[in-house]
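To keep things clear, I will list the structure first and then write my remarks on it.
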Amino acid sequence: LWNARVEAYYKSYDDLIIEDDTENLSNRGYGEAYGVDVFLKYSDFLRTPFNGWISYSFLQSKRLHPRQNAGDLLKYEYTPSAFDITHNLNVVAKKKIIGMLTGGATYRYSTGRPFTPIVGAEEQSVGYYLPMEGAVHSKRLPNFHRLDLNLSYYWMPAQGWSVIFYSSV
């Protein structure tokens, strides 16, 4: 009935291609990613009136990011990667309501992706401004929440025939 799994990982990134002042591009970039995934499931398909699972992922991912300096020279910041979604949670539940009518719910949550904020502007000519960026990936988009609800009805109108009616919000 129960299934549980926990996986931890660490990945080192070497020789990443990045912009370079002297060679235009070089493979001297580096980074790392590490985290843990947890999965817990309760189910005995078609034998229990309830089944579902919970999955959770924790991730930390950083890499070297080049950026233009005021003097047109590159400077480098070791910051979260663009795909660093720190927390990701999924909760899925399905319940037999009566007969062949089942209902389900899925909840999803994740932290927002990092982005580089604009902290000001520098006037270049009349009516033209150049944006000034803050620290690379120092802000995050809003957290993501989603709830899905569904109903399904399994109907067998004749031998060898089956129909499923499904509704979801």
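The values are calculated or read from the model by the stated rules, or taken from the named source; none is laboratory data. These figures come from a predicted structure and were not determined experimentally. Because the Cβ atoms are built from the backbone with ideal geometry, glycine has one as well, and the counts that use them run over all protein chains shown. What goes into the accessible areas is simple: the full protein's heavy atoms, side chains included, and nothing from ligands, DNA or RNA. Shrake-Rupley method; radii C 1.70, N 1.55, O 1.52, S 1.80 Å.
Yes or no, residue by residue, for (1) under 26 Å from the mean Cα position of the chain (by Cα); (2) open to solvent by 60 Å² or more (accessible area, probe 1.4 Å):
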residue	(1), (2)
26	no, no
35	yes, no
43	yes, no
52	yes, no
76	yes, yes
92	yes, no
95	no, yes
100	no, yes
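When you look at residue 20, is it more than 20 Å from residue 110 (Cβ to Cβ), touching a Pro at 6+ places or on another chain (Cβ under 8 Å), surrounded by 10 or more Cβ atoms within 10 Å (Cβ to Cβ) and at pLDDT below 95, yes or no? Don't jump to the end; show me each part of the working.
Working: more than 20 Å from residue 110 (Cβ to Cβ): yes; touching a Pro at 6+ places or on another chain (Cβ under 8 Å): yes; surrounded by 10 or more Cβ atoms within 10 Å (Cβ to Cβ): yes; at pLDDT below 95: yes.
Answer is yes for this residue.
Conditions tested, residue by residue: (1) in a strand (DSSP E or B); (2) touching a residue at least 24 places away in the same chain (Cβ under 8 Å).
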residue: 83; (1), (2): no, yes
residue: 88; (1), (2): yes, yes
residue: 93; (1), (2): yes, yes
residue: 96; (1), (2): yes, yes
residue: 102; (1), (2): yes, yes
residue: 106; (1), (2): yes, yes
residue: 109; (1), (2): yes, yes
residue: 119; (1), (2): yes, no
residue: 123; (1), (2): yes, no
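Search the range 134-160 for residues that are without any contact (Cβ under 8 Å) to a residue 12 or more places away in the chain and pair each with any residue that is in a loop (DSSP other than H, G, I, E, B) when their beta-carbon atoms are under 6 Å apart and the residues are at least 6 apart or on different chains. Close Cβ pairs (under 6 Å, with a partner that is in a loop (DSSP other than H, G, I, E, B)) amount to 156/162.
Listed by first and then second residue, the pairs with beta-carbon distance under 9 Å, at least 6 apart or on different chains, first residue in the range 26-52 and closer than 17 Å to residue 12 by Cβ and in contact (Cβ under 8 Å) with a residue 40 or more places away in the chain, second open to solvent by 30 Å² or more (accessible area, probe 1.4 Å) and among the aromatic types (Phe, Trp, Tyr), are 31/13; 31/78; 33/9; 33/10; 33/13; 33/83.
What about residue 107, is it in contact with a Leu (Cβ under 9 Å, 6 or more places away or on another chain), within 18 Å of residue 85 (Cβ to Cβ) and surrounded by 14 or more Cβ atoms within 10 Å (Cβ to Cβ)? Spelling it out, residue 107 is indeed in contact with a Leu (Cβ under 9 Å, 6 or more places away or on another chain), within 18 Å of residue 85 (Cβ to Cβ) and surrounded by 14 or more Cβ atoms within 10 Å (Cβ to Cβ). Residue 75 meets the stated requirement of being part of a strand (DSSP E or B) and at pLDDT below 90.
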